[in-house]
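Here is the structure we will look at, set down as structure tokens.
The values are calculated or read from the model by the stated rules, or taken from the named source; none is laboratory data. Note that the structure is a prediction, hence the values are computed from the model and not measured. Counting neighbours? That spans all protein chains shown, and the Cβs are built from the backbone with ideal geometry, glycine included. When the accessible area is computed, the model is the full protein with side chains, heavy atoms only, and any ligands, DNA or RNA have been set aside. Shrake-Rupley method; radii C 1.70, N 1.55, O 1.52, S 1.80 Å.
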Amino acid sequence: MFNKLLSYAPVQIFSALSVFALIAIQTRFLAVSEYGLLAVLLVIMESTRSMFAQWINTALLRFYPSAQSPEREQLLCLSSSLLWLFAAVAVLVVALCLWVFSLFSWSNMLWVALLFVAKGTYTYYLERARVCEQVNRYRYATLTQAVLSVVLTLGCLWLDGALHSALIALVASNAIALLFTLRRNPQGHKGTPVLRREFLHYGLPFMFTGALGVLATRSDRIVIAQLTSLEQAGLYAGIANLLVGLMALVFMVVALPLYPELTKLTDKPQQLRQAHSRYGGYLCALAIPALTGLCLLAQPLITVFLGERYQQLDLRVFYAIAAATFILNLRGHYLDHGLQFRLRTQWLPLITAVGFALQLALAFTWVPKLGALGAALALLIAMSVAALLSLITGHYYRYHFTWPAQLYKTLLATTVMGAVLYTLLSTLVSLAPWQQLVIGVLVGITTYALMHWLLNTFAIRSQSLNWRRRSV
């Protein structure tokens, strides 16, 4: 499992760094109000993509690794047909959403719809490359999209610092990267009625869960824009996008390569529990120190990646969003597995709907009084309630979560890292923000890695000795 993790982690880390660069470019070339509008348009696109495209990827990930050869070909044919069928419906939904929020123009419609098609198709074929274990194809596509998203955004906004230039760059980067993964379907039919029924029964709940999930985590931008201003929405969206993107990618470094390995064990409960415990340990080993480091380095992080204009937002907003995104990803990449492995995904839309309703109710109550802080607190509480409901429902259906492997060592290493960083940062106040950030990251990673080496977490010392012997 650890070797599989290393096959994908380097390109995912590079992709995470590109997200930082992309946000930094957009926030510097676009006015704060324009960035707020971009955030609202991306909420519409992502919620539509999650509803009409992402569920197909999720169902394919669940069934393909454990399927036999004939069924695998049928799953590929079935999933690609469903993708193009729902894409046509999704374009109409995009137009309707733009009209409802008084954002409709033919230009907005064109670029948001094209971005949906480009990103939806790209992510689908990227997932196909992963489940088919075409590692090189996955790497080339991910690296291409990461590099092009930054280069094209910089070039387009430098030539014309307008909102639609940012959208054009995103469309082009996804479309070009798609060429590395696009492949013809194998010759075959779209599966037996039983296979189609199982695929739809498992996947369709994710259609509503995905859309509700995006709205639950990003509708706060729309609420702030409606109740305050696009400028306030832009300030909030800048910090939220930075944190949501980074935390999601931290979790995906583990989830992308290792989740398919777990689905191969769904018929072997004892082995699944052991593998899931180790998987949870890897998640925590990356995500807990990442959350701690982000909060400690909040001020230089905001200045370096977003600019001085975004420093005016209360740091409590940063802390609340960081905690909320951690809990959101912990639920999606760990706690929801109890229902997924038990094929009880019909409960996921309800759980997500409860979180979304709570988040909206709290946001409409607190945003007029507290502004962006109210939206951030509403998000944190809603994500915590949804995660708790997912855990309880999984236990109800007799999926027994085990304590993530080596968690206590991760907590000890994170505590030491946090103490060192907190002490160090007080001595770096005279340095430039980028210097504080670089020194803080290097010291934090070094301290954390050294602690795990001393604690021998996941038998890391013996693993490194084995690699050294193989290289010799």
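Taking the range 260-291, which residues are under 29 Å from Thr446 (Cα atoms), surrounded by fewer than 21 Cβ atoms within 10 Å (Cβ to Cβ) and of a type in the set (Ser, Thr, Tyr)?
Residue satisfying the conditions is Ser277 alone.
Residues to consider are Ser219, Ser277; find the one that is in a helix (DSSP H, G or I), polar (S, T, N, Q) and under 30 Å from Phe364 (Cβ atoms).
Every option except Ser219 fails the conditions.
Would you check which residues across the range 123-143 are over 18 Å from the mean Cα position of the chain (by Cα), surrounded by fewer than 20 Cβ atoms within 10 Å (Cβ to Cβ) and assigned to a helix (DSSP H, G or I) and list them?
Those that are over 18 Å from the mean Cα position of the chain (by Cα), surrounded by fewer than 20 Cβ atoms within 10 Å (Cβ to Cβ) and assigned to a helix (DSSP H, G or I): Val135, Asn136, Arg137, Tyr140.
Scan the range 61-82 for residues that are open to solvent by 30 Å² or more (accessible area, probe 1.4 Å) and either among the basic types (Lys, Arg) or farther than 14 Å from Leu200 by Cα (or both) and jot them down.
Once the filter is applied, which keeps residues that are open to solvent by 30 Å² or more (accessible area, probe 1.4 Å) and either among the basic types (Lys, Arg) or farther than 14 Å from Leu200 by Cα (or both), the range 61-82 yields Ser66, Gln68, Ser69, Pro70, Glu71, Arg72, Glu73.
Being open to solvent by less than 60 Å² (accessible area, probe 1.4 Å) and either touching a residue at least 40 places away in the same chain (Cβ under 8 Å) or at positive phi (or both) is the filter here, so list the residues in the range 419-440 that pass it.
Scanning the range 419-440 gives Leu421, Leu425, Pro433, Gln436, Leu437, Gly440.
I'd like to verify a number: residues in the range 323-342 that are within 16 Å of the chain's Cα centre (by Cα), among the polar types (S, T, N, Q) and more than 17 Å from Tyr282 (Cβ to Cβ), how many?
1
Scan the range 159-181 for residues that are within 22 Å of Ser81 (Cα to Cα) and exposed (fewer than 15 other Cβ atoms within 10 Å of the Cβ) and report the count.
Number of matching residues: 1.
If we keep just the residues of the range 1-17 that are among the small types (Gly, Ala, Ser) and under 16 Å from the mean Cα position of the chain (by Cα), which is modelled with the highest pLDDT?
Ser15
Which is modelled with pLDDT of 80 or more and open to solvent by 10 Å² or more (accessible area, probe 1.4 Å), of Phe29, Phe20?
Phe29
Quick one: which helices (runs of 4 or more DSSP H) sit completely within the range 305-418 and have at least 2 residues that are open to solvent by 30 Å² or more (accessible area, probe 1.4 Å) and under 30 Å from Gln232 (Cβ atoms)?
315-330, 348-370, 372-396
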